[in-house]
Every structure is written in C-alpha cells, then in structure tokens.
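Here the structure is laid out as structure tokens; the discussion comes afterwards.
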Amino acid sequence: MGQINESAPKSQRSEKPAVSLKVMKERGMLGVSTVKSWGVDPRLVQFESGFNRAINREHVESIKCALRAGHELDDIKVRIEEGAIIAVDGHHRVTAAVEWLAEPDVREPDGGFQLGAKQFRGGDAERVIHLITSSQGLGLTPLERSAQYRKLVGWGWTPAAIAEAVGRSVQNVSDALVLADANSDVKLAVTEKQISASNAAKIVRQSGGRAGAVIAEHVEAARLQGKAKATAKQIAGNTPKDLIAAIRREIDSGGTFRAEELCPSFADLITYLRSTPSRGDTSPAQPTK
C-alpha cells in the first residue's frame, strides 16, 4: 500500500480511493491528465527507408510470443503523409503484429486488431534524433548510429550539436562519424564484434585506408592470445614485446607492412631503427622517405 499523497486536496483524502486514472481525472487530481492515442491496424503502417533500423528476427519472434500470450504492446509512433501512415517508432512491433495476424489460428476481435499509436510531429532531423535516442525495443548498433549521425551532418548539423541532441559526448559522435566513412572491411570487423567501434575509429584515424588490414592483424594477435576481440591495451602496443613482434612483421613483409601501425607509441623509435644500419652493414644509412 502506498503512502497518502499529502499534495492531494483534503477533500480527496477523505473520499473512497480511486480505482482508475479516469476517476482520478474526473476528481480533478493534479498531475493526472488525458493523453490522446489512436488505434491503428498494423497492416496499414508503412516503413520509410532510411528512417528505420534493420529488423532483428529474434526480437520480432519475442514480440510475437508476447502477442500469443495476450500481452498488450506499447504504443507505436507514426506520422501521416499524403494519406499514408508511416512508422516513426515501433517497426519491430508492427512487423511482429502483422506476422502474428497472418497465423491461421489467430482470431481477431470484433472491429479488428489494432496497435495503440501516437502521432509524431517533427521534421526529418527530429525523426532521426528520435530513432537514435528511442529507448523502446532494440537500440541501434554502432554502425546504424553512425549512419544516422552522417545523415544529420549532411543536413548541416555539427558533431557538438548532435552530441547535445542525443546525450552523448562529442568524442563519441566524432568516432561514429569516422566509422561511417570507413571501408567495408572495418565496418565488418565492428559488426562481427572483433573490435569496438571506438577502437576501430582510432585505427582509421592512424592508418587511413590500411585500417582494415591493421585491424585484422590485431584481431589475429588477440585470437592467438585466446581473446575474442582486439582490446585497447593490445592496440596501443605499449610493450617491448609488441614492438619486437611488429618489427619482425615488417621485416618478413619486405617493407610492405609498417611496424608503427601496430605500435604507434613507438613510432619515433621505429623510425630511428629503420634509418640505422644493421650490424655488418658498412654502407651509410639511407635517409627515410
């Protein structure tokens, strides 16, 4: 039993306890109001390319299980354009409901099955921000988030403005934008969780177009150590052991691989060693290019 609300009018405290929000509203209770929502047949809802994340089948199946058990789903958000109902939030709920309704043993109630829906008001940028920040259902992956950030930048948003709108740091947004412009092999490594998005962005900044190959080296090194993914400590290459392995890799590659790509913190030392004659070599050191 909850405590008595001291902020309620004294006349309400002596009344019979309300059994619904409707009764509370009718009694004029402060803080209780009516919020309008609509009922929409999910089969009428359309999706807009570029404003929805990829459908996760496991998540859809879990929602269908909830529908079969008779559970009510949260309201979706939609917008109306030229007579069409377009989903803004709730794509998985819509997908699950449509598939569930198509099952042969489903009996719809009189008047048909409907999802609760609220109308979303806002432009393209507001819809993107809502997609990024919505806590309903399944969140965006790092790559999906980076694609939405890139879209906002194309509309004139700065990383600082995006960070403020989505509640993240400017560094986080900047890393995501670097990832959005990275090559496909880098994005694949992030998707397969071989490396974190932030570590991948760091390598892209350091190695540019070779980032995918560098990440592959780190992932292989992690695998040999029994680790599932490349770690920040390993990528930093801060130990002499890392340096020795990197130099050996450069020698074995005939110079096509650069040791500082695995050990950036030793870049100055590597440059010095590269310009120093090996033992027994009496020829003068060649200037570095």
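The values are calculated or read from the model by the stated rules, or taken from the named source; none is laboratory data. Fair warning: this is a prediction, and the values are worked out from it, not measured in the lab. Note that we place each Cβ from the backbone using ideal geometry, even for glycine, and neighbour counts take in every protein chain shown.
Just one of the listed residues (A211, A180, A176) is more than 18 Å from the chain's Cα centre (by Cα) and aliphatic (A, V, I, L, M), namely A211.
Just checking, which of A176, A222, A200, A211 is more than 18 Å from R150 (Cβ to Cβ), touching a helix residue (DSSP H, G or I) at 6+ places or on another chain (Cβ under 7 Å) and of a type in the set (A, V, I, L, M)?
Details: A176 fails: more than 18 Å from R150 (Cβ to Cβ); A200 fails: more than 18 Å from R150 (Cβ to Cβ); A211 fails: more than 18 Å from R150 (Cβ to Cβ).
Matching residue, one of A176, A222, A200, A211: A222.
With the condition being buried (at least 16 other Cβ atoms within 10 Å of the Cβ) and at pLDDT 90 or above, I'd like the helices (runs of 4 or more DSSP H) fully within the range 172-271 carrying at least 2 qualifying residues. Before you say what the answer is, go through the steps one by one.
Values: elements: 184-191, 197-207, 211-224, 232-236, 240-252.
Here the list reads 184-191, 197-207, 211-224.
Of all the criteria given as (1) in contact with a Phe, Trp or Tyr (Cβ under 8 Å, 6 or more places away or on another chain); (2) outside the structural domain of T95 (by TED's automatic domain parsing), the one not satisfied by N183 is (1). The one condition from (1) in contact with a helix residue (DSSP H, G or I) (Cβ under 8 Å, 6 or more places away or on another chain); (2) surrounded by 15 or more Cβ atoms within 10 Å (Cβ to Cβ); (3) of a type in the set (S, T, Y) that T133 does not meet is (2). If the condition is being touching a strand residue (DSSP E or B) at 6+ places or on another chain (Cβ under 8 Å) and assigned to a helix (DSSP H, G or I), then the range 113-169 contributes R127, H130, L131.
On the stretch given as the range 31-44, residues that are within 18 Å of E81 (Cα to Cα) and without any contact (Cβ under 8 Å) to a residue 60 or more places away in the chain total 2.
Checking each residue in the range 68-101 for being modelled with pLDDT under 95 and over 30 Å from E126 (Cα atoms) picks out R68, A69, G70, H71. Could you list, in sequence order, all residues of the range 77-127 that are within 21 Å of the chain's Cα centre (by Cα), farther than 24 Å from R57 by Cβ and among the acidic types (D, E)? Scanning the range 77-127 gives D124, E126. Residue count for the range 95-117, restricted to those that are surrounded by 17 or more Cβ atoms within 10 Å (Cβ to Cβ) and touching a Phe, Trp or Tyr at 6+ places or on another chain (Cβ under 8 Å): 2.
Residues in the range 239-276 that are aliphatic (A, V, I, L, M), in contact with a helix residue (DSSP H, G or I) (Cβ under 6 Å, 6 or more places away or on another chain) and free of Cβ contacts under 8 Å to residues at least 24 places away in the same chain: A259, A267. Selection of the range 52-83 for residues being in contact (Cβ under 8 Å) with a residue 60 or more places away in the chain and small (G, A, S) yields only A54.
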